[in-house]
Amino acid sequence: MHLRGRAPGTAPFFFKHEHCSASGLGRGLGSYMPFINEHYLKLRAGYLFPEIARRVKTYIAQNPGTEESIIRCGIGDVTEPLPSGVRLAMHKAIDELGHRETFRGYGPEQGYEFLRYAIAENEYRLRGMQIEDDEIFVSDGSKCDCGNILDIFGSSNRIAIVDPVYPVYVDTNVMAGHSGLPDASGAYEGLVYLACTRQNGFVPDLPAEHVDLIYLCFPNNPTGSVATREQLQSWVEYALKENAIILFDAAYESYVTDPTVPHSIYELPGASECAIEFRSFSKNAGFTGLRCAFTVVPRSLVGVTESGEKKGLHALWLRRFSTKFNGVSYPVQRGAEAVYSEDGRAETDRLIRHYLGNAQILLQALSRSGLEVFGGINAPYLWVGAPPGYTSWQVFDKVLNDIGVVITPGTGFGAQGKDFFRVSAFNSREKAEEAGQRFQSLRWN
Ligand code: MLT
């Protein structure tokens, strides 16, 4: 009899039942089960947002009748309807699928040419950046891409992560076995943490050591900070000098209001030699439920094999994409293309102004209530100092219990977030105003 088995960390192989022994295989007789990826066991509790949802559910169960009045300023999920131009394009695409002559089955895994062209042209070439259509990879989300990108990198890279941080960058590295265990503050052994503090304006200083991969996110989630052109240029120069790759998450670039602040890392000379950029239709055009994003992998990016041979990252990502993904649905890609039409742009601008208007309302209300508030100018997030004596989860509980508002505790984003909380401006105007009033009524002891 043949059973499949493997030693942890090795490729699957086949062996004969009679050769199995508890001592040889590290498991007891009779317990033949698939080995699990034990790196998952290092992860701290649940993913942040499901944990918040769980606490809110418990609160509602303990306080019946409160569900309707709760205002959610926790997860950054859009609330406003999809632009009409996007909806029309999707309706048309669905009708095409209803006729034999225009029906489409599998599309190109990396995205239809019409959308890759629209993105490369509108987001990059018309803004003076030389990005080719085939350097755009259309996907179902930046969260997925930020995690999936690790498939094409080796396991011995030194990885730099900012703190506070969008938890996906950390957790996916832990899952991939790039870290040891977390310490009491939640920091994982082996990762290089770059502190983002009041002192550095929540823009990290360059690492004092060599790192291979660097995650940056601007406008930043969770702090709402932006990096100046000079700051980003210094990151590009660091990466070029160290042969590092910057993984640049620009999911919130449309919220940049300051004309001097870069929207894309490729605005900086040299970036196409050292950076991958993640972009999304979620937060500008309201696609959080529809799912469409893109990742830019310039052909000029290279990594190295253990034996020192240089290999292009573009070819690896293309191979990964075409093997593990079948593309975003045709109607959704047509909807995304419509974001670049005249109407689509006007409607998208209106959505962004709406959420930034909410951010202003919340910023003023929180400031008036005596709290120290950052962000909210070039980003849909406010990063708020917790009142003295409160941990960020205590703030979460008090805000939920006293005024029925859900926020995100800063500690969920890393050790540096422990004295902060995040307020999301994604809401209707009515709810943003109501949340502002409730914040001002809050009394901290
Ligand atoms: C957030 O609240 O941080 C975001 O909604 C998370 C995400 O975009 O995945």
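The values are calculated or read from the model by the stated rules, or taken from the named source; none is laboratory data. These numbers were taken from a predicted model, which means no experiment stands behind them. Because the Cβ atoms are built from the backbone with ideal geometry, glycine has one as well, and the counts that use them run over all protein chains shown. Just the protein is used for accessible areas: all its heavy atoms, side chains included, with ligands, DNA and RNA removed. Shrake-Rupley method; radii C 1.70, N 1.55, O 1.52, S 1.80 Å.
Using only the Cα atoms of the chain, build the gyration tensor, take square roots of its eigenvalues as a ≥ b ≥ c, and label the shape rounded, prolate or oblate: rounded if a/c is under 1.5, else prolate if a/b is larger than b/c, else oblate. Display every interim value, and only then the final one.
Values: a/c = 1.42, a/b = 1.15, b/c = 1.23.
Since a/c stays below 1.5, the shape of the chain is classed as rounded.
Identify all lysines with a Cα-Cα distance to K57 below 25 Å; exclude those on the same chain that are fewer than 8 residues away in sequence.
Of all the lysines, those that pass the test against K57 - Cα under 25 Å, at least 8 places apart if same chain - are K143, K398, K418, K431.
At 1.4 Å probe size, put D140, D151 in order of accessible surface, largest to smallest. Write down the numbers at each step before the final one.
Values: D140 55, D151 80 Å².
Order by accessible area, largest first: D151, D140.
Which whole-Hz couplings ³J(HN,Hα) result when phi for each residue of the stretch 230-240 is put into the Karplus expression 6.51 cos²θ - 1.76 cosθ + 1.60, θ = phi - 60°, listed in order with x for Gly and Pro?
Here the 3J(HN,Hα) series is 5, 5, 5, 4, 5, 5, 4, 5, 4, 4, 5 Hz.
Based on alpha-carbon atoms only, what is the radius of gyration of the stretch 64-183 relative to the globular estimate 2.2 N^0.38 Å?
Numbers: Rg = 20.4 Å, N = 120, 2.2 N^0.38 = 13.6 Å.
Compactness ratio reported: 1.50.
Provide the gained length on full extension for the span R299 to S234, in nm with one decimal, where the gain is 0.36 nm per separating residue minus the Cα-Cα distance. Spell out each step's value before the answer.
Values: separation 65, 0.36 × 65 = 23.40 nm, distance 2.23 nm.
This chain segment gains 21.2 nm when fully extended.
What's the local net charge at G335, with K and R +1, D and E -1, over the other residues with C-beta under 11 Å away? List each step's numbers first, then the result.
Numbers: positive: R87, K92, R291, R334; negative: E337.
Charge balance in the 11 Å sphere: +3.
Give me the net charge for the shell around E96: Cβ to Cβ below 12 angstrom, other residues only, Lys and Arg +1, Asp and Glu -1. Show your work: numbers first, answer last.
On the way: positive: K92, R100, R104, R334; negative: D95, E101.
That works out to +2.
At 7 Å along Cα-to-Cβ for each site, give me the label-to-label distance between A61 and R198 in nm.
Once both label points are built, they end up 3.9 nm from each other.
Starting from the Kirkwood Rh over alpha-carbon pairs, what translational D in µm² s⁻¹ does the stretch 84-340 have by Stokes-Einstein at 25 °C and 0.890 mPa s?
This corresponds to a translational diffusion coefficient of 129 µm²/s.
Specify whether the C-alpha gyration tensor of the stretch 279-384 places it in the rounded, prolate or oblate class, a ≥ b ≥ c being the square roots of the eigenvalues: rounded for a/c under 1.5, otherwise prolate if a/b is larger than b/c and oblate if not. Don't jump to the answer; show the numbers that get you there.
Details: a/c = 3.33, a/b = 1.64, b/c = 2.04.
Since a/c reaches 1.5 but b/c is at least a/b, the shape of the stretch 279-384 is classed as oblate.
Does the stretch 47-87 come out rounded, prolate or oblate by the C-alpha gyration tensor, with a ≥ b ≥ c the root eigenvalues, rounded set by a/c under 1.5 and, if not, prolate when a/b is larger than b/c and oblate if not? Before the final figure, lay out each step's value.
Values: a/c = 3.87, a/b = 1.88, b/c = 2.06.
Oblate shape, in that a/c is at least 1.5 and b/c is the bigger or equal ratio.
Per residue, how much accessible area does the stretch 84-340 have with a 1.4 Å probe, in Å²?
On the way: 10460 Å² over 257 residues.
The answer is 41 Å² per residue.
Per-residue counts of other Cβ atoms within 10 Å, averaged by peptide: what ranking do you get for 302-315, 370-383, highest first?
Working: 302-315: 12.1, 370-383: 22.3.
Packing proxy ranking, top to bottom: 370-383, 302-315.
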